[in-house]
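> If you scroll down you'll find the structure; I have some questions about it.
The values are calculated or read from the model by the stated rules, or taken from the named source; none is laboratory data. Owing to the predicted nature of the structure, the values given are computational and were not obtained by experimental measurement. Heads up, the Cβs are rebuilt from the backbone with ideal geometry, glycines too, and the neighbour counts pull from every protein chain shown. Only protein heavy atoms, including side chains, enter the accessible area calculation; ligands, DNA and RNA are left aside. Shrake-Rupley method; radii C 1.70, N 1.55, O 1.52, S 1.80 Å.
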Amino acid sequence: MTSSDIDVAFAEGGRILALGKGKTVITVKYGSFSKEILVSVKKKIDLIADVKENQKNIDYLNTPSSESSDIGIMSLTSSERSRINSLCLQMMATYWTPTQNLLGYGGGYYFTSGTSYVGIPYTRYIQKDRAGFLAAMNYSDFYTPYTTSSGTKMPRYGNDCSGFTSIAWEIPRIDSATFIQRVQNGTYPKVGSYNAYNPDYFDLFFSYYDLQTGDAVVHSGHVFIIAVNYTSQGKLQCFEQAGPTCNITYWYYNNLAQLSYMPFSRN
C-alpha cells in the first residue's frame with residue numbers, strides 16, 4: 001500500500017492512518033491486482049492536545065478491571081507510568097523542519113525541505129530520543145539516506161517501534177522478537193491471563209481490560225505503548241511508531257486480539 005500524499009494519510013501494514021486535512025490516493029497492490037482508493041480527511045486533529053486532555057482522567061480510565069496475579073506486585077508505579085507517558089509525548093511532540101529533502105523509510109516519500117513536521121521519523125538504523133534526534137539534525141550525514149544490504153533506504157536517525165518502546169521504557173534497545181521472548185520467559189510480566197506461546201483470542205481480549213498507561217502490546221514484528229485504556233468502549237489510545245513518524249493511534253480490543261497482540265508490562 002502506498003499514498004500519493006503522506007501529509008494527508010499514510011498506508012502501513014494494511015491500515016490507513018489519517019495525518020492531516022486533504023485528499024490522497026491509496027494504491028493497494030497484490031500480485032497482478034491493483035486498486036486505487038480515494039481517501040478524504042475532513043479535518044486535522046491535534047492528537048497531542050487530545051491525548052493530554054484525555055489523560056486528565058488518566059487515573060480513572062487506567063484502573064485495572066480485575067485483580068490479576070500476572071500484574072500484581074510487578075506492575076509499574078504511578079510515577080513510573082507518568083515517566084513513560086512523558087517520554088512518549090516528548091517523542092510525539094518533536095517539532096522539526098528539514099533544510100533539505102529527507103528520504104523517508106523505504107524510499108517512497110520525502111520529508112520536504114522547509115515543511116514542519118511533528119514526531120520522530122521512522123528508521124531501523126540509528127535510534128534516537130527527542131534530544132538525540134534534534135542534535136542529529138546538525139550532523140553532516142543527517143540528510144544522507146542509509147541503505148541496507150537488501151537495498152532498503154531510510155533516514156539515518158530516528159527510531160522504529162521497538163526502539164521507541166525501549167527509549168520510553170529506558171532500557172537498552174531490543175527488537176520485537178526479543179520482547180516476545182521476554183514475555184514468554186517471564187522477564188516482562190504478562191498483563192492479564194493468556195498462554196504467551198499460543199495466545200487464545202478470548203484470553204487476549206479480556207486481558208486488554210487490565211492495560212494501563214505505560215504498558216505495551218506486542219506481536220510478531222510490532223510493539224507499541226498504551227496511553228489510555230477506554231474499557232467501557234473496548235478501545236485503547238496508543239503511542240505507536242508506525243511511520244512516517246511516531247503517532248497517536250486508536251485500537252479496538254477486537255482488532256488486537258485478532259492479530260494476537262500480547263499485553264505486558266515493564267517490571
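> Against the conditions (1) open to solvent by 70 Å² or more (accessible area, probe 1.4 Å); (2) at pLDDT 75 or above; (3) more than 21 Å from I171 (Cβ to Cβ), where does L103 fall short? Just the number, please.
Here L103 clears every test but (1).
> A further question on this structure: Counting only residues that are more than 21 Å from T115 (Cα to Cα) and not in a strand (DSSP E or B), which one in the range 8-30 is modelled with the highest pLDDT?
So, considering only residues that are more than 21 Å from T115 (Cα to Cα) and not in a strand (DSSP E or B), the one modelled with the highest pLDDT is G14.
> Can you name every residue in the range 32-56 that is modelled with pLDDT under 80 and loosely packed, with under 10 Cβ neighbours inside 10 Å?
Result: K42, K43, K56.
> Given (1) assigned to a loop (DSSP other than H, G, I, E, B); (2) surrounded by fewer than 17 Cβ atoms within 10 Å (Cβ to Cβ), where does P98 come up short, assuming only one miss?
Status for P98: all satisfied but (2).
> Another one. For the range 192-241, which positions are among the aromatic types (F, W, Y), closer than 20 Å to I84 by Cα and open to solvent by 10 Å² or more (accessible area, probe 1.4 Å)? Lay out the reasoning, then the answer.
Kept after step one, since they are among the aromatic types (F, W, Y), are these residues of the range 192-241: 194, 197, 201-202, 205-206, 208-209, 224, 230, 239.
Pick out the ones that are also closer than 20 Å to I84 by Cα and you get 208-209, 224, 230, 239.
Matches in the range 192-241: Y209, Y230.
> Among the numbered criteria (1) of a type in the set (S, T, Y); (2) open to solvent by less than 40 Å² (accessible area, probe 1.4 Å); (3) part of a helix (DSSP H, G or I), which single criterion is violated by Y188?
If we test Y188 against (1) of a type in the set (S, T, Y); (2) open to solvent by less than 40 Å² (accessible area, probe 1.4 Å); (3) part of a helix (DSSP H, G or I), just (3) comes out false.
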